[in-house]
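The values are calculated or read from the model by the stated rules, or taken from the named source; none is laboratory data. Just so it is clear, the structure is predicted and the values come from calculations on it, not from any experiment. Cβ sites come from the backbone with ideal geometry, for glycine too, and all protein chains shown count toward neighbours. Each accessible area value is taken on the protein alone, full model and side chains, heavy atoms only, with ligands, DNA and RNA left out. Shrake-Rupley method; radii C 1.70, N 1.55, O 1.52, S 1.80 Å.
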Amino acid sequence: MTWHATVLTLFPEMFPGPLGLSLAGRARDEGLWNLDAHDIRAHGLGRHRNVDDTPFGGGAGMVMRPDVIADAIASHRPAGDPRPLVYLTPRGRLFTQADAERFAAGPGLMLLCGRYEGLDQRIIEASGAEEISVGDYVLSGGEPAALVLLDACLRLLPGVMGGAESAEEESFAGGLLEYPHYTRPAEWDGRPVPPVLLSGDHGAIRAWRRTQAEDATRLRRPDLWAAHLSRRISGRQSPQDMTGSVATASAGP
Ligand code: ADE
């Protein structure tokens, strides 16, 4: 069945954007997923189609009205729609690969993108939306975050990527950063490729890549490294996972 994304936004023309190109674009042409984006302003109030107002309690910026958002959701979310409703916000829980896997395994997503200071808290609670952030920085709106989240989900849909990459996805469970990659020429600008990669010794190459992945994770992402160590200690990791790395999953063409 076609994986279906619905986006509610003040800027529907931002979609599908980059998702209409490359791997995701081809998969959409093949009918593996589809997307419809709807303008929240169509549900705005009065002659000016107002969607926001000043915050109770004072402060900077504008807040998107709960009645407007409720009407937008009701208009595009059929009763009993099984798709998770996600609100993109820097106040949300951090998006992870595990979320992408969970969403990709389901029927699709409905995404709510806010602008300004965001949505009135009551519609977030009333709608049961899951609040998700794509990183510890503030974007000018939820739209780029929605594109990031969708990209991470779409590449996991069956048939979107080649078989090889899909198999490599398994190694995400290892929770390590990726080892570095090299290609021809064997020496470039006075910089040789690490000799082990030219040795033909597959055991040595595997061990080298493993050490590189571990060193990078320990130095760059102590949070991932700590989680990796605690999994290793508790024996929750299979030997196959141990050879893998987070970014072994290739980004595609
Ligand atoms: N909207 C603004 N910043 C965001 C972020 N970091 N993640 C998700 N939605 C956002």
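Picking from 37, 24, 72, 60, which residue would you name as being outside any helix (DSSP H, G or I) and touching a helix residue (DSSP H, G or I) at 6+ places or on another chain (Cβ under 6 Å)? Break it down stepwise before answering.
On the way: 24 fails: outside any helix (DSSP H, G or I); 72 fails: outside any helix (DSSP H, G or I); 60 fails: touching a helix residue (DSSP H, G or I) at 6+ places or on another chain (Cβ under 6 Å).
Result of the check over 37, 24, 72, 60: 37.
Within region 54-76, can one find any residue that is of a type in the set (D, E, K, R), more than 16 Å from the ligand (Cβ to nearest atom) and touching a strand residue (DSSP E or B) at 6+ places or on another chain (Cβ under 9 Å)?
Scanning region 54-76, I find at least one residue that is of a type in the set (D, E, K, R), more than 16 Å from the ligand (Cβ to nearest atom) and touching a strand residue (DSSP E or B) at 6+ places or on another chain (Cβ under 9 Å), so the answer is yes.
Return the residues of region 129-148 that are over 13 Å from residue 90 (Cβ atoms) and in contact with a strand residue (DSSP E or B) (Cβ under 7 Å, 6 or more places away or on another chain); say none if nothing qualifies.
Once the filter is applied, which keeps residues that are over 13 Å from residue 90 (Cβ atoms) and in contact with a strand residue (DSSP E or B) (Cβ under 7 Å, 6 or more places away or on another chain), region 129-148 yields 129, 130, 143, 146.
Residues 47, 41, 28: which one is under 21 Å from the mean Cα position of the chain (by Cα) and of a type in the set (D, E, K, R)?
One residue alone meets the criteria, 28.
Any idea how many residues of region 114-143 are within 8 Å of the ligand (Cβ to nearest atom) and in contact (Cβ under 8 Å) with a residue 40 or more places away in the chain?
Residues flagged as within 8 Å of the ligand (Cβ to nearest atom) and in contact (Cβ under 8 Å) with a residue 40 or more places away in the chain within region 114-143 amount to 12.
Considering region 91-104 alone, what residues qualify as being away from the ligand (no atom under 14 Å from the Cβ), in contact (Cβ under 8 Å) with a residue 24 or more places away in the chain and open to solvent by 50 Å² or more (accessible area, probe 1.4 Å)?
Scanning region 91-104 gives a single hit, 101.
Report, ordered by the first and then the second residue, all pairs with beta carbons closer than 7 Å, sequence separation of six or more or different chains, a first member in region 175-190 that is farther than 24 Å from residue 96 by Cα, and a second member that is open to solvent by 50 Å² or more (accessible area, probe 1.4 Å) and at pLDDT 95 or above.
186/192; 186/198
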